[in-house]
Amino acid sequence: MSALANPEVTMADRLLAGTRPSRPLTLNEHLNRHGKLPDTGGSLTGTLEASGLGGRGGAGFPSGRKLRTVGEQKGRPVVLINATEGEPLSLKDKYLLTHAPHLVLDGAAAMARELGTNDIFVGIANDARSARMAFASAIGERRRERLDGKLKIEIVDVPNRFIAGEETALVSIVNGGSGLPQVTPPRPYERGVAKRPTLVQNAETVAHAALIARYGAAWFREVGTNAEPGTALFTLAGAVRTSGVVEAPIGTSLPALVHSAGGLTHAPQAVLVGGYFGTWFSASDAARLTLDDATLRSLGGG
């Protein structure tokens, strides 16, 4: 798998710009870098649709369409941020909550305002202590500065189970239920938390939305592919020198990601892409991978 050793590398930090391993970005550092979240005046839904931002929780559902669908329902909605991340070895959402919590809070606030609601819930696995502490501290910073007006942001303790991250299971937990997926209607966008229309979005998705609200759809599309624009957070583990989270444009090659993690510690026999329900690729196939759905599907992955 020598092709992983010296690839052409093009990375892009957007969500992780300015972050450091040692501590979270403070509110002042966040605002100095990104500026105050603008009042989108009801235009966020259209901007997200134009951006092509797909959900970063796994299914890739268009975020703008999901926001529009919830907004079309009767009743006052709820925003539910899914940061449970039960996927084995996955660290991307935990890293984001720990190091760039204000981007997640900005995105949640922007979506809540778009829907005309004050109610935001954030589901965090009960074993993610560092992420929870950093996120709670960020909420406190914003409250002291009265940054979010009347918004109510509540952290929900979620059992550390893979299945708890499924959206209907998460809604069940917030409602005080068993935390098992519900296979029958209504769906969360119709009746979810407290039987109200509920927008369930992944933590990384709303962080991207916070940047799109500032910089626009065309900016977001400057990297990535036409079908899947933007960057994504990838967790690397195993035979790499530095395990952890890397941000890169969608469509980046796997060799480039490995290079950004310091290269290989030894030649692997196979690579697992996509986590628990992912696909094993041979070493030779992995050396040719680019990380976008079209390429992965053509090779039997996703």
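The values are calculated or read from the model by the stated rules, or taken from the named source; none is laboratory data. Note that this is a predicted model, so its numbers are computed, not measured. Quick reminder, even Gly has a Cβ in these numbers, built from the backbone with ideal geometry, and neighbours come from all protein chains shown. Side chains are part of the model used for accessible areas, which takes the heavy atoms of the whole protein and leaves out ligands, DNA and RNA. Shrake-Rupley method; radii C 1.70, N 1.55, O 1.52, S 1.80 Å.
I want to confirm something. Restricting to the range 128-148 and keeping residues that are of a type in the set (Gly, Ala, Ser) and without any contact (Cβ under 8 Å) to a residue 24 or more places away in the chain, which single residue is most open to solvent (accessible area, probe 1.4 Å)? Explain how you work it out, then say what you get.
Step one: of the range 128-148, the residues of a type in the set (Gly, Ala, Ser) are 128, 130-131, 134, 136-138, 140.
Next cut, without any contact (Cβ under 8 Å) to a residue 24 or more places away in the chain only: 136, 140.
Numbers: 136: 48, 140: 18 Å².
Looking at residues that are of a type in the set (Gly, Ala, Ser) and without any contact (Cβ under 8 Å) to a residue 24 or more places away in the chain, I get 136.
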Please work out which one of (1) farther than 25 Å from residue 138 by Cα; (2) touching a residue at least 40 places away in the same chain (Cβ under 8 Å) is the condition residue 105 fails and give its number.
(1)
Quick one: residue 249 ticks every box in (1) within 21 Å of the chain's Cα centre (by Cα); (2) at pLDDT below 95; (3) open to solvent by less than 30 Å² (accessible area, probe 1.4 Å) bar one, so which box is it?
(2)
Neighbours by Cβ (under 6 Å, 6+ apart or cross-chain): first from the range 173-185, within 14 Å of residue 161 (Cβ to Cβ); second outside any loop (DSSP other than H, G, I, E, B) and of a type in the set (A, V, I, L, M, F, W, C):
173/158; 179/164; 179/169; 179/173; 180/169; 181/169
Any idea which of 154, 87 is farther than 19 Å from residue 29 by Cβ and modelled with pLDDT under 95?
87
Out of everything in the range 245-302 that is in contact with a Gly (Cβ under 8 Å, 6 or more places away or on another chain) and among the charged types (D, E, K, R), what residue ends up being nearest to residue 20 (Cα to Cα)?
292
State which residue is surrounded by the most Cβ atoms within 10 Å (Cβ to Cβ) when the search covers only the range 57-73 and only residues that are closer than 22 Å to residue 174 by Cα and at pLDDT 95 or above.
63
